[in-house]
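What follows draws every value from the coordinates through simple rules; no lab data is involved. Owing to the predicted nature of the structure, the values given are computational and were not obtained by experimental measurement. In this analysis, Cβ positions are derived from the backbone assuming ideal geometry, glycine residues included, and neighbour counts consider all displayed protein chains.
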Amino acid sequence: MFLLAQYPGMSGFLGTRGSLMLDLVTLAMVLVVPALAVSIYLVKYKKQYNTHKWMQIALGITLLIAVLAFELDMRINGWRERAEPSPYWDTWVVPVLWIHLCCAVPTALLWIYTLVQAVRTYPDPPNPGTYSVEHARWGWASAIGMFLTAFTGWIFYYLAFAATK
């Protein structure tokens with residue numbers, strides 16, 4: 001958090017108008033989506049329940065820290081000034097942001113719910129039980145939501161920060 005105050009409005013590293021935090025979150029989602037897929041594969045096909053558990057906890061903590069730092073950066077430094085030069089500023093930027101937020105907010109809440117319920121319900125080490133069907137349902141909904149969050153976030157990032165006239 002100190003870095004955000006020390007370097008207000010610091011430009012990113014992807015060669016766009018994005019800030020450092022916008023670039024980090026965009027890149028993080030490129031890594032999170034495949035990690036999520038690996039975690040699902042390991043539990044579904046390899047029956048590696050404990051690995052799945054710890055991967056999900058690590059992803060949850062990582063995303064929590066990233067989102068908090070990102071939101072703090074957006075509140076302190078804003079984003080509009082960087083997005084206004086986009087050729088899509090007057091047309092697509094804000095509607096796509098709203099679509100992204102409609103995916104991101106419920107997904108975050110759903111993932112938290114799914115993770116907390118799993119930690120509360122499953123024994124340690126985890127193994128299948130009566131909660132497994134319900135957990136799988138919430139887990140798939142969370143995973144689909146995370147993919148949609150990433151996909152709409154990437155579209156927003158391109159429209160707002162990468163597109164040029």
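Quick notes
- Selection count, the stretch 141-165, where residues are surrounded by fewer than 14 Cβ atoms within 10 Å (Cβ to Cβ) and either touching an Asp or Glu at 6+ places or on another chain (Cβ under 9 Å) or not charged (D, E, K, R) (or both): 2
- Remark: pairs (first residue in the stretch 107-126, touching a residue at least 40 places away in the same chain (Cβ under 8 Å) and under 17 Å from MET55 (Cβ atoms); second residue basic (Lys, Arg) and in a helix (DSSP H, G or I); Cβ separation under 9 Å; 6+ apart in sequence or on different chains) = ALA118/LYS53; VAL119/LYS53; TYR122/LYS53; PRO125/LYS53; PRO126/LYS53.
- Pair list, Cβ under 7 Å, 6 or more apart: the stretch 27-46 residue without any contact (Cβ under 8 Å) to a residue 24 or more places away in the chain, other residue of a type outside the set (Phe, Trp, Tyr) and assigned to a helix (DSSP H, G or I): SER39/HIS52; SER39/MET55; SER39/GLN56; LEU42/THR51; LEU42/HIS52; VAL43/HIS52
- Residue in the stretch 130-140 that is in contact (Cβ under 8 Å) with a residue 24 or more places away in the chain, more than 23 Å from PRO34 (Cβ to Cβ), over 18 Å from the mean Cα position of the chain (by Cα) and surrounded by 12 or more Cβ atoms within 10 Å (Cβ to Cβ) present: no
- Checking SER39 against (1) surrounded by fewer than 17 Cβ atoms within 10 Å (Cβ to Cβ); (2) polar (S, T, N, Q); (3) farther than 28 Å from SER19 by Cβ, the condition it does not meet: (1)
- Take the conditions (1) under 17 Å from THR26 (Cα atoms); (2) under 12 Å from the mean Cα position of the chain (by Cα); LEU72 misses just one of them, which is (2).
- Checking ALA150 against (1) part of a loop (DSSP other than H, G, I, E, B); (2) under 13 Å from the mean Cα position of the chain (by Cα), the condition it does not meet: (1)
- Those residues of the stretch 5-26 which are in contact (Cβ under 8 Å) with a residue 60 or more places away in the chain, surrounded by fewer than 19 Cβ atoms within 10 Å (Cβ to Cβ) and not in a loop (DSSP other than H, G, I, E, B), in sequence order: ALA5
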